[in-house]
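Q: Here you go, one structure.
Please treat every number below as a calculation from the coordinates, not as lab data. Since the structure is predicted, the reported quantities are computational estimates derived from the model, not experimental observations. Backbone-built Cβ (ideal geometry, glycine too); neighbour counts: all protein chains shown.
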Amino acid sequence: MDTAPILSRLRQIVGHECVYTDATATAPFVIDWRKRFHGQALAVVLPSTTAEVAEVVRCCQQYGVQLVPQGGNTGLVGGGVPDASGRTVVLSLRRLRQIRHIDANNNTMTVEAGLTLAELHQHAQTIERLFPLSLASEGSCTIGGNIATNAGGTAVLRYGNMRELTLGLEVVLANGEVLSELKGLRKNNSGYDLKQLFIGSEGTLGIITAATVRLFPLPTAYCTAMIEVASPDVALAWLHALQARFDDRLTTFELISGRCLQLVQTHISGARVPFHAPWAVLFELSDGGEDAHLEQQLLEWLPSAPRYGEAVIAQNRKERQALWLVREAISEAQSCEGISLKHDIAVPVSAVPMFLQQAGDKLRAAFPDCRITAFGHLGDGNLHYNVSQTGAADIYQDEPRVNRIVFETAYQLGGTLSAEHGIGRLRRETLWQYRSPLARQVMQQLKQGLDPAGLFNPGVLFPAQEKDS
Ligand SMILES: Cc1cc2nc3c(=O)[nH]c(=O)nc-3n(C[C@H](O)[C@H](O)[C@H](O)COP(=O)(O)OP(=O)(O)OC[C@H]3O[C@@H](n4cnc5c(N)ncnc54)[C@H](O)[C@@H]3O)c2cc1C
């Protein structure tokens, strides 16, 4: 393929300095965060306006070149990096960074897709509002990527996923037209809610260029606690008891296994693990009052709480951060002990203890020396469930068997193979095994209807379609 004409046209659209082609400049855009997917790009293109994005899409359509949309490249399933063909263009949205509109009285903000999540938090705080999506990658991940992956995080229990936080979208379609539905409405039953198609579509149906998102009153009081519990069943009892007492003031509720506590204690210098126990829960209450009042309410309620062992309640912001560090450092601590096979499953909240029991029993029967590191958002039924030391010198040889046990157990309990990280390239074949033939057909019809030439994100969600050069 003669690439000169398309590169020349792309440079006309976005400017010479915003089309990268040499290996050094493109390197950070073609490898995913976990370094499992190494691709190559014809070019990395960085437009700065919606009009430029639309022009880039029209140009690529004209030359028959496929596009991979990319935000902060923090995705965990290889959805934002190109394949190895070197024939696709990476469309980076990082330069679309405008705050288009703030409506404090409507509790909404309209922002462009390349703004990072941390920047959105800061802008919301300047008008004393909260944007509640909270991820450890917030310094790098972008709002466009958050929407394309329907990101979750630690505050879903109270505020919902990115889907619940998104009121309007602007999307560049595969024909280069701009679908603008940036309304800040809580109610709008005027036909199909088109934005829902693009939320969680992982860049396969359109390029998200801007969004209107929901804001909330900024909490003024927090009460964060870590409690020792004997088992996941007791953790579940705690969840329900706290919800019954504090309702939606219960903002997060995380389950942490004893192995996680040990890993953090061993590998993370500066982390203070408050106690060792078979299981712990980390939860946070928040409201518009005062810290002391919230803590007082928790203390008064504790005598009627389900059984527990040790309990630590953060007394100030520093202690609160220290408790959260224990939770947030688990992945890093685990990586110090080598590669693990990671899963991000969800089951009904009521089935979490059953999942842990059944999956653990089956894995230990198949791989007697394996280690299981389980933690996650119990309030959402979402577990990060990582398996290491299966016995094979190369752990990836055991991956198909491990995955089958984990995913089949989740599905038998009414669950799913991906709760918040998505499908990307990593899970596309597995997705195709687990969705019903009819669901697959409907997905293909949607793809065909919105992107008939297969322009956007080849090989993500759907098996790759080879294109002739
Ligand atoms: C340390 C760490 C912690 C994390 N914690 C969480 C967590 O708690 N919960 C969670 O849900 N995720 C988590 N993630 C995963 C990741 O941060 C999220 O998926 C995030 O939403 C991705 O945003 P991004 O801008 O980096 O997107 P990218 O990685 O660039 O892209 C992700 C997908 O979205 C598509 N895409 C990106 N931008 C656009 C756009 N503008 N239009 C259309 N498609 C687009 C890409 O093609 C790709 O398929 C974590 C990641 C890391 C590294």
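Q: What nm distance separates the two modelled labels at Ser190 and Ala84, each placed 7 Å from Cα along Cα→Cβ?
A: Spacing of the two 7 Å Cα→Cβ label points: 5.0 nm.
Q: If each of Lys35 and Asp394 carries a label point 7 Å out from its Cα toward its Cβ, how far apart are those two points in nm?
A: Those two pseudo-labels are separated by 1.8 nm.
Q: In deg cm²/dmol and to the nearest 500, what is the mean residue ellipticity at 222 nm of the chain if only DSSP H runs of at least 4 residues count, each as -39500 (n - 2.57), divided by the residue total? Please list the in-between numbers first.
A: Working: 17 runs with 165 residues, N = 469.
So the calculated ellipticity at 222 nm is -10000 deg cm²/dmol.
Q: How many percent of DSSP beta bridges within the chain run antiparallel, rounded to 5?
A: On the way: 58 of 68 bridges.
Antiparallel: roughly 85 percent of the beta bridges in the chain.
Q: Compute the angle between helix 291-301 and the longest alpha-carbon principal axis of the chain, please, reported from 0 to 90 degrees and rounded to the nearest 10.
A: The helix 291-301 is inclined about 50 degrees to the chain.
Q: Further, regarding this structure: From the residues Gly72, Pro368, Met1, which one has its Cα farthest along the dipole of the chain in the positive direction, the dipole being from +1 and -1 charges on Cβ of Lys/Arg and Asp/Glu about the Cα centre?
A: Met1
Q: Any idea which of Leu250, Gln61, Gly422 is furthest toward the positive side of the dipole for the chain, if Lys and Arg beta-carbons carry +1 and Asp and Glu beta-carbons -1?
A: Comparing the listed Cα positions along the dipole, Gln61 ranks first.
Q: Could you tell me how many degrees, from 0 to 90 and to the nearest 10, lie between the Cα long axis of helix 317-328 and the main elongation axis, the longest principal axis, of the Cα atoms of the chain?
A: For helix 317-328, the angle is close to 70 degrees.
Q: Still on this model: About its Cα centre, how strong a charge dipole does segment 221-332 have in debye, to the nearest 20, once Lys and Arg get +1 and Asp and Glu get -1 at the Cβ? Write down the numbers at each step before the final one.
A: Numbers: 9 positive and 15 negative charges, 64 e Å.
Result for segment 221-332 is approximately 300 debye, rounded to the nearest 20.
Q: While we're on this one: With angles folded into 0 to 90 degrees, how steeply does helix 258-267 sit against the dominant principal axis of the chain? Use alpha carbons for both and round to 10.
A: With both axes taken from Cα atoms, the answer is about 70 degrees.
Q: Dividing the convex hull volume of the Cα atoms of the chain by its residue count, what figure in Å³ per residue is obtained? Don't skip to the answer; put the middle values down first.
A: Details: hull volume 72.2 nm³, N = 469.
Once divided by residue count, the hull of the chain is 154 Å³.
Q: Ok, one more. On a full-extension model of 0.36 nm per residue, what is the gain between Gln61 and Ile313, subtracting their alpha-carbon distance, rounded to one decimal in nm?
A: On the way: separation 252, 0.36 × 252 = 90.72 nm, distance 5.69 nm.
Roughly 85.0 nm would be gained on extension.
Q: Hey, another quick one. Using 7 Å Cα-to-Cβ label points, what is the Asp22/Arg272 separation (nm, one decimal)?
A: 5.0
Q: Arrange the peptides 356-366, 255-265 so that the one whose residues have, on average, the most other Cβ atoms within 10 Å appears first. Don't skip to the answer; put the middle values down first.
A: On the way: 356-366: 16.6, 255-265: 21.4.
Packing order, densest peptide first, comes out as 255-265, 356-366.
Q: Okay, next question. Please turn the phi angles of segment 123-129 into ³J(HN,Hα) values with the Karplus equation 6.51 cos²θ - 1.76 cosθ + 1.60 (θ = phi - 60°), one per residue in order, whole Hz, x for glycine and proline.
A: Once θ is set to phi - 60°, the couplings for segment 123-129 become 4, 5, 5, 5, 10, 6, 10 Hz.
Q: Which of the peptides 85-98, 217-230, 289-302, 240-253 is most tightly packed, and how do the rest follow, judged by the mean count of other Cβ atoms within 10 Å per residue? Don't skip to the end; give the middle numbers.
A: On the way: 85-98: 21.5, 217-230: 18.9, 289-302: 14.6, 240-253: 17.1.
Per-residue mean Cβ counts within 10 Å order the peptides as 85-98, 217-230, 240-253, 289-302.
Q: Can you give the % of DSSP beta bridges in segment 44-187 that are antiparallel, to the nearest 5?
A: On the way: 9 of 16 bridges.
Roughly 55 percent of the beta bridges in segment 44-187 run antiparallel, per DSSP.
Q: While we're here: Say the dipole of the chain comes from +1 at the beta carbon of Lys and Arg and -1 at that of Asp and Glu; which of Gly160, Gln445, Phe131 then lies farthest toward its positive end?
A: Gln445
Q: Provide the gained length on full extension for the span Lys183 to Ala241, in nm with one decimal, where the gain is 0.36 nm per separating residue minus the Cα-Cα distance.
A: On the way: separation 58, 0.36 × 58 = 20.88 nm, distance 3.80 nm.
That works out to 17.1 nm of additional length.
Q: Karplus couplings for segment 224-237 from phi (6.51 cos²θ - 1.76 cosθ + 1.60, θ = phi - 60°), rounded to Hz, Gly and Pro as x?
A: Values, residue by residue: 10, 9, 10, 10, 7, 10, 7, 6, x, 4, 5, 4, 5, 4 Hz.
Q: Check which residues have an amide H placed less than 5 Å from Arg100's amide H, if you skip close sequence neighbours.
A: Thr110, Val111, Glu112
Q: So if I place +1 on the C-beta of Lys and Arg and -1 on the C-beta of Asp and Glu, and nothing else carries charge, what would the dipole magnitude of the chain be about its Cα centre? I want it in debye, nearest 20. If you can, show how the numbers build up before the last one.
A: On the way: 41 positive and 47 negative charges, 115 e Å.
About 560 debye.
Q: Given charges of +1 on the Cβ of Lys and Arg and -1 on the Cβ of Asp and Glu, with all other atoms neutral, how large is the dipole of segment 1-149 about its Cα centre, in debye to the nearest 20? Display every interim value, and only then the final one.
A: Numbers: 12 positive and 12 negative charges, 40 e Å.
Here the size comes out at about 200 debye.
Q: What ³J(HN,Hα) values, in whole Hz, does the Karplus curve 6.51 cos²θ - 1.76 cosθ + 1.60 give for segment 81-91 when θ = phi - 60°, with x put for Gly and Pro?
A: Using θ = phi - 60°, the values come out as 10, x, 6, 7, 5, x, 10, 9, 9, 8, 9 Hz.
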